[in-house]
Amino acid sequence: MATFELKAECPVTRARAGVLHTAHGNVETPVFMPVGTQATVKGLTGRDLAEDLDVRILLANTYHLFLRPGHELIRRMGGLHQFMSWPRAILTDSGGYQVFSLSGLRKITDEGVVFQSHLDGDRHVFTPESTVDVQLALSSDIMMALDECPEYPVSHEYARASMDRTIRWARSGYAHYQRRKAENNTSASLYLIVQGSMFEDLRKTCAQELVALEADGYAIGGLSVGEPRPLSLAMVETTEPLLPRQRPRYAMGVGMPEELPEYVARGIDMMDCVLPTRNARNGYLFTSHGRVIIKHTRYKDDQRPVDETCSCYTCRNHTRAYLRHLYQAGEMLYAVLATRHNLARYLDIMREIRHAIVLGQFPEYLKAVRAVPVEVE
Ligand SMILES: [Zn+2]
């Protein structure tokens with residue numbers, strides 16, 4: 001079981017530093033988890049991730065791997081770590097979010113959700129129990145309970161019904177997980193997800209009900225679904241004080257680089273987002289002094305690296321001019337180099353944050369980063 005050890009707490013904000021102990025190594029928190037949707041972080045090798053970037057934990061998507069190549073195939077190949085040759089920790093989502101955002105026709109019942117594959121239209125069913133079994137087949141270190149992630153905005157009435165369902169699913173999924181744990185002695189943890197859309201009362205009720213189950217960790221889901229940023233942060237502020245201090249808190253699907261310290265300041269230990277990797281491919285590079293949009297003409301003969309303060313492979317070896325050229329020419333090396341840099345930037349931010357918390361200087365750090373503009377000057 002992935003256990004969590006609290007190492008330091010900020011006396012002013014809610015920020016904490018800790019260590020997550022998993023069967024596939026220790027993970028220092030707060031942590032940002034790169035997204036490896038199809039059992040790969042697009043464009044990067046395991047060597048890039050482990051040796052160059054020192055990534056300790058990756059996220060893989062259950063929905064995608066369930067549909068292709070299939071969880072039973074991955075089980076036969078020795079589990080996800082062996083299949084993708086990744087010896088470090090893996091967190092898998094429950095697949096619920098993709099069912100609600102990607103799949104065709106779907107029907108939600110108390111038993112689970114019937115959906116159509118976005119690949120071939122085939123009908124499938126996810127239940128709170130089956131998604132635990134799929135994640136066990138993948139040999140995930142940290143599994144997520146099936147939840148319903150409502151879009152934004154929804155009525156209070158809909159959000160309440162949806163949250164009640166998420167609670168019922170969490171109870172049956174968690175009971176199933178405990179039965180499986182008793183049977184096979186799995187080392188995986190199952191985290192439960194607090195929903196409730198953007199309603200404070202629902203977030204509180206959901207958190208209280210789920211905390212009673214005493215799970216290994218808790219996530220705040222249903223964020224980054226189109227709501228204004230202050231509202232996402234407000235939902236975290238509402239939920240986090242109700243979560244147990246000794247358990248990790250995971251904000252799902254966040255965020256922009258400047259938001260990472262904001263979530264940490266509100267007591268979040270784990271985050272994941274496709275932004276650094278997807279934006280890299282789309283030409284948006286994050287630096288310590290703002291964002292570089294690489295296609296801009298002003299970079300065409302720019303001899304500087306993307307970020308002069310970054311020590312990633314891309315910044316040590318290549319100029320903005322070269323990256324812009326690769327981008328304009330549609331070369332695949334562009335995506336490889338850009339992804340390496342953006343992930344390095346995210347991981348550097350997390351290391352700076354953790355360092356500041358451990359030294360007791362997080363409030364000063366937060367103040368300094370809030371002053372940095374979003375766009376490069
Ligand atoms: Zn760099």
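Cβ under 13 Å from LEU243's Cβ, LEU243 left aside: what net charge do those residues give with Lys, Arg +1 and Asp, Glu -1? Show your work: numbers first, answer last.
Working: positive: ARG14, ARG16, ARG203, LYS204, ARG245, ARG247, ARG249, ARG266; negative: GLU209, GLU214, ASP216, GLU237, GLU240, ASP269.
Net charge around LEU243: +2.
Taking a ≥ b ≥ c as the square roots of the eigenvalues of the Cα gyration tensor, an a/c ratio of 1.5 or more together with a/b larger than b/c marks the stretch 162-313 as prolate.
Per residue, how much space in cubic angstrom lies within the convex hull of the C-alpha atoms of the stretch 39-102?
Numbers: hull volume 5.6 nm³, N = 64.
Measuring per residue, one finds 87 Å³ for the Cα hull of the stretch 39-102.
Residues considered: PHE115, PHE286, PHE32. Largest GNM mean-square fluctuation over the chain, using C-alpha springs under 10 Å, is found at PHE115.
I need CYS315, CYS206 ordered by Cβ neighbour count within 10 Å, fewest first. All intermediate terms of the calculation are to be shown ahead of the outcome.
On the way: CYS315 24, CYS206 30.
Ranked by crowding around the Cβ, least crowded first: CYS315, CYS206.
Suppose R0 equals 51 Å; then what is the FRET efficiency for GLN116 and MET256 from their Cβ-Cβ distance, rounded to the nearest 0.05? Each step should come with its number before you reach the end.
On the way: r = 32 Å, r/R0 = 0.64.
The formula returns an efficiency of 0.95 here.
Measuring nothing but how far apart in sequence close Cα pairs (under 8 Å, 6+ apart) lie, relative to its length, the chain scores a relative contact order of 17 percent. Qualifying GluC sites (Glu not before Pro) in the stretch 313-371, where qualification requires a DSSP coil assignment and no more than 15 other C-beta atoms within 10 Å, comprise GLU331.
For the chain, the spread of Cα coordinates along the three principal axes comes to 59, 48, 40 Å, biggest extent given first. Fewest neighbouring Cβ atoms within 10 Å first, the residues LYS7, LYS42 line up as LYS7, LYS42. Considering every Cα-Cα pair within the stretch 79-120, what fraction, in whole percent, is farther apart than 12 Å? Here the tail beyond 12 Å accounts for 68 percent of pairs.
Here the Gaussian network model covers the chain, with springs between Cα atoms less than 10 Å apart; of ASN61, ASN342, ASN184, ASN184 fluctuates the most.
Compute the relative contact order of the stretch 66-120 as a whole-number percentage, counting only Cα pairs closer than 8 Å that sit 6 or more residues apart in sequence. Please list the in-between numbers first.
On the way: 29 pairs, mean separation 11.2, N = 55.
Over the stretch 66-120, the number comes to 20 percent.
In this rough spin-label picture, where each label sits 7 Å from Cα along the Cβ direction, the GLU364-HIS318 distance is 3.7 nm. Taking every alpha-carbon pair under 8 Å whose residues sit at least 6 apart, the stretch 220-281 reaches a relative contact order of 36 percent.
For the stretch 41-163, the equivalent ellipsoid derived from the alpha-carbon gyration tensor has semi-axes of 28, 17, 13 Å in decreasing order. Between ALA234 and ILE108, the distance separating the two model label sites (each 7 Å from Cα on the Cα→Cβ line) works out to 2.2 nm.
For the stretch 168-256, state which trypsin sites (Lys or Arg not before Pro) are in a DSSP loop and have at most 14 other beta carbons lying within 10 Å of their beta carbon. Spell out each step's value before the answer.
Numbers: sites: ARG168, ARG171, ARG179, ARG180, LYS181, ARG203, LYS204, ARG245, ARG249; in loops: ARG245.
Here the trypsin sites (Lys or Arg not before Pro) that fit, given the DSSP loop and packing criteria, are ARG245.
Rank the residues HIS24, HIS118, HIS71 as a footprinting-exposure proxy: fewest other Cβ atoms within 10 Å of their Cβ go first.
Values: HIS24 18, HIS118 15, HIS71 23.
Taking fewest neighbouring Cβ atoms as first place, the list is HIS118, HIS24, HIS71.
For the chain, CYS10, CYS149, CYS206, CYS273, CYS312 have no disulfide-compatible partner, since no other Cys C-beta lies under 4.7 Å from theirs. Among residues other than LEU91 with Cβ under 14 Å from its Cβ, the summed charge is -2 (Lys and Arg +1, Asp and Glu -1).
How large is the charge dipole for the chain, taken about the Cα centre, if only the Cβ atoms of Lys, Arg (+1) and Asp, Glu (-1) carry charge, to the nearest 20 debye? Roughly 540 debye, rounded to the nearest 20. Calculated FRET efficiency, LYS300 to MET332, Cβ-Cβ distance, R0 = 22 Å: about 0.60 to the nearest 0.05.
For the chain, return all DSSP H helices satisfying: extent of Cα atoms along own axis at least 24 Å; mean Kyte-Doolittle hydropathy at least -0.5. Walk me through the numbers before you get to the answer.
On the way: long enough: 156-184 (41 Å, -1.62); 332-359 (41 Å, 0.49).
Counting only whole DSSP H runs, the qualifying helices are 332-359.
Between ALA182 and VAL125, take the C-beta separation as r, use R0 = 30 Å, and let me know the FRET efficiency to the nearest 0.05. The pair ALA182/VAL125 has a calculated efficiency of 0.75. A quarter of the convex hull surface defined by the alpha-carbon atoms of the stretch 247-360 gives 7.4 nm² as the mean projection.
Simple rule: put +1 on each Lys or Arg Cβ and -1 on each Asp or Glu Cβ in the stretch 1-57, find the dipole, and look at THR40, CYS10, ASN26; the Cα lying farthest toward the positive end is CYS10.
Coordinate-derived values only; no laboratory data. Computed from a predicted model, the values in this text were never measured in an experiment. With ideal geometry, Cβ positions are generated from the backbone for all residues, glycine too; neighbour counts draw on all protein chains shown.
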